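Structure first, then comments.
Just so it is clear, none of the values below were taken in a lab; they were calculated from the coordinates. None of these values were measured; they are calculated from a predicted model. With ideal geometry, Cβ positions are generated from the backbone for all residues, glycine too; neighbour counts draw on all protein chains shown.
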Amino acid sequence: MTTTVAIEAGTELPPLRIKPISRTTLALFAAASGDHNPVHIDLDVARSAGLDDVFAHGMLSMAYLGRLLTDWVSQERIRSYRVRFVSITPVHGEPTCTGRVVSVEDGLATLELAVTLADGTVTLTGDATVAIN
Amino acid sequence: MAVDPAIIGTELPSTTMTVDEGRLRFFSTVIGHEISADLAVPPTFLFSIELENPNPFAWLANAGVDMRFVLHGEQSFTYHSLAHAGDVLTAKPRIADTYSKGGGALEFIVKETAVSRADGSSVADLSTVIIVRSPAQ
């Protein structure tokens, strides 16, 4: 896939809306990612740590946010990608991934990225650099 | 409990994984990623290599950390070349830093992992910030 739209500061990526995260998704992501930490899949363990419920792997949200990039440019153009996990994503959370080009310099676009839940909670903030020519 | 700063600089066991097409398809399906025709490894899958270690969190337990109180604080990937199904990738992690905030209420551990192929060519450099919250929080 190649990008034909103009990439310049201010360009918004098409938002990516994810359906509510189910317990099944958490179990499958634990297996697929190899992160078997039970706090994401076993309610008994979550409660023993003082939590009301299991919560989603941060890397699941980072994987969704990565789709925002790979849906937009071919993957070999992605030079760097990083996030801060600023809030926990609860079960049934409904993430939306957004991104915006903040600068273009020396053939590299820098993007600001975020994942936000339906109630407005920001769960991830991050940035990426993407080669544009 | 405070994480002993002596762990800074510790090289953790490296993990080598042959990237399996079925595993990549499974991972891609779960996250809704449309896998490319050349079976490129999705951007965040590289984080999973070291998790193939039979006991990937042993080093945290050895540092006195209870996994139930661990949060993933930050994650970064710097990409050097695209990996594909069939590639044999090795992840070499080391502990780069540890520090605390909030009078010890939160402990931070920074782990840096280099991912490369058997021929030594670099695929990516990863950095992970792990947060250990105090059980009382």
message: I'd like to know if the stretch B:42-52 contains one or more residues that are within 22 Å of B:Pro13 (Cβ to Cβ) and surrounded by fewer than 20 Cβ atoms within 10 Å (Cβ to Cβ).
response: yes
- line: Filtering the stretch B:55-101 down to residues that are surrounded by fewer than 19 Cβ atoms within 10 Å (Cβ to Cβ), under 16 Å from B:Gly120 (Cα atoms) and at the interface with chain A (Cβ under 7 Å from one of its Cβ atoms) yields B:Leu82
- request: Report, by residue number, each residue of the stretch B:28-68 that is among the polar types (S, T, N, Q) and assigned to a helix (DSSP H, G or I).
  value: B:Ser28, B:Thr29, B:Ser48, B:Asn62
task: Could you list all residues from the stretch A:104-131 that are part of a strand (DSSP E or B), touching a strand residue (DSSP E or B) at 6+ places or on another chain (Cβ under 7 Å) and over 14 Å from A:Ser80 (Cβ atoms)?
output: A:Ala114, A:Val115, A:Thr116, A:Val122, A:Thr123, A:Leu124, A:Thr125
message: Suppose we filter the stretch A:78-90 for residues that are surrounded by fewer than 21 Cβ atoms within 10 Å (Cβ to Cβ) and outside any strand (DSSP E or B); how many remain?
response: 3
query: Hey, A:Val73 hits all of (1) farther than 20 Å from B:Val30 by Cα; (2) in a strand (DSSP E or B) but one; which does it fall short on?
result: (2)
query: Hey, among the residues in the stretch A:38-92 that are over 12 Å from the mean Cα position of the chain (by Cα), basic (Lys, Arg) and more than 18 Å from A:Pro14 (Cβ to Cβ), which one's nearest to the other protein chains (Cβ to nearest Cβ)?
result: A:Arg79
message: Considering only residues that are in a strand (DSSP E or B), among the polar types (S, T, N, Q) and either under 15 Å from the mean Cα position of the chain (by Cα) or farther than 15 Å from B:Val70 by Cα (or both), which ones fall in the stretch B:95-125?
response: B:Thr113, B:Ser116, B:Ser122
